[in-house]
Amino acid sequence: PARKPLAGRKAVVTSGPTHEAIDPVRYIANRSSGKQGHAIAAALAVAGADVTLVSGPVSLPDPTGVKVVRIETARQMLDAVQAALPADIAVCAAAVADWRVAAEAGQKLKKDGSGVIPDLKLSENPDILATISQKGPKRPDLVVGFAAETENVIEHARAKRARKGCDWILANDVAPSAGTFGGDHNEVFLISGADGASDEVWPRQGKAGVARALVQRISRHFA
Ligand code: C5P
């Protein structure tokens with residue numbers, strides 16, 4: 001059989017939401033099924049990569065042939081990703097909560113009937129994609145992020161690529177009409193350079209298709 005294109009390459013993938021506790025029973029989270037990140041981890045493994053999938057709480061089976069590290073919070077996700085470095089490839093597909101509750105309550109906050117509403121103070125979570133994109137000995141050769149946009153998809157994604165310092169951005173159209181959230185289909189643009197010359201528009205396809213297309217593109221990058 002032909003040698004697998006990513007044999008000998010190490011990859012780390014983030015997937016799913018993070019949960020940031022308010023108290024022992026409540027949390028803040030983003031909407032994320034984990035379908036895209038899990039599909040990418042699975043496709044990287046099929047291509048021969050040694051894959052660590054760092055996943056927030058999802059109701060998906062572990063992809064075959066992948067090492068799965070389960071976490072809940074953004075800070076745990078960052079720790080797990082850094083523990084998986086060095087790697088050749090990093091793909092950040094998780095929907096990380098931008099903020100956490102500054103002081104998690106040790107007991108369930110009570111609705112006591114007095115009409116007093118809790119005032120949640122928030123702190124900023126680490127940006128995992130931006131952190132691992134920083135120059136340094138452990139920076140992966142190829143760092144790929146996602147952008148979910150509802151308008152001006154390509155312009156916003158290009159700005160995000162520059163701001164985060166990653167190499168590629170896969171931009172999704174998440175306008176409600178596009179039906180991306182929780183759905184099985186994604187329309188994706190690949191932004192791989194600072195100008196428009198290298199932009200790619202991928203045909204509308206399932207998340208497994210997007211994952212295979214990305215892995216093909218990654219394989220070409222390392223060929
Ligand atoms: O600008 P925004 O945060 O929406 O960018 C999304 C990209 O950044 C995704 O690749 C997501 O996984 C990553 N991200 C991250 N850590 C955060 C926020 C976003 O890795 N705290």
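The values are calculated or read from the model by the stated rules, or taken from the named source; none is laboratory data. It should be emphasised that the depicted structure is a prediction, and the values quoted were computed from it without experimental measurement. Cβ coordinates were reconstructed from backbone atoms using ideal geometry, including for glycine residues, and neighbour counts include every protein chain displayed.
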Yes or no: segment 133-147 includes at least one residue that is within 20 Å of the chain's Cα centre (by Cα), at pLDDT below 90, within 16 Å of the ligand (Cβ to nearest atom) and of a type in the set (Phe, Trp, Tyr).
no
All positions within segment 52-73 that are part of a loop (DSSP other than H, G, I, E, B) and under 13 Å from ALA42 (Cα atoms)
LEU60, PRO61, ASP62, PRO63, THR64, GLY65, VAL66
Yes or no: segment 97-105 includes at least one residue that is within 26 Å of ALA211 (Cα to Cα) and in contact (Cβ under 8 Å) with a residue 12 or more places away in the chain.
yes
Kindly indicate whether ALA39 is out of contact with any strand residue (DSSP E or B) (no Cβ under 9 Å at 6 or more places or on another chain), outside any loop (DSSP other than H, G, I, E, B), crowded, with 22+ Cβ neighbours inside 10 Å and at pLDDT 95 or above.
no
Within the group VAL91, VAL81, VAL96, VAL69, which residue is more than 10 Å from the ligand (Cβ to nearest atom), out of contact with any Asp or Glu (no Cβ under 7 Å at 6 or more places or on another chain) and not aromatic (Phe, Trp, Tyr)?
VAL69
Within segment 152-164, the residues that are within 21 Å of ILE128 (Cα to Cα) and either surrounded by fewer than 17 Cβ atoms within 10 Å (Cβ to Cβ) or in contact with a Lys or Arg (Cβ under 6 Å, 6 or more places away or on another chain) (or both) are ALA159, ALA162, ARG163
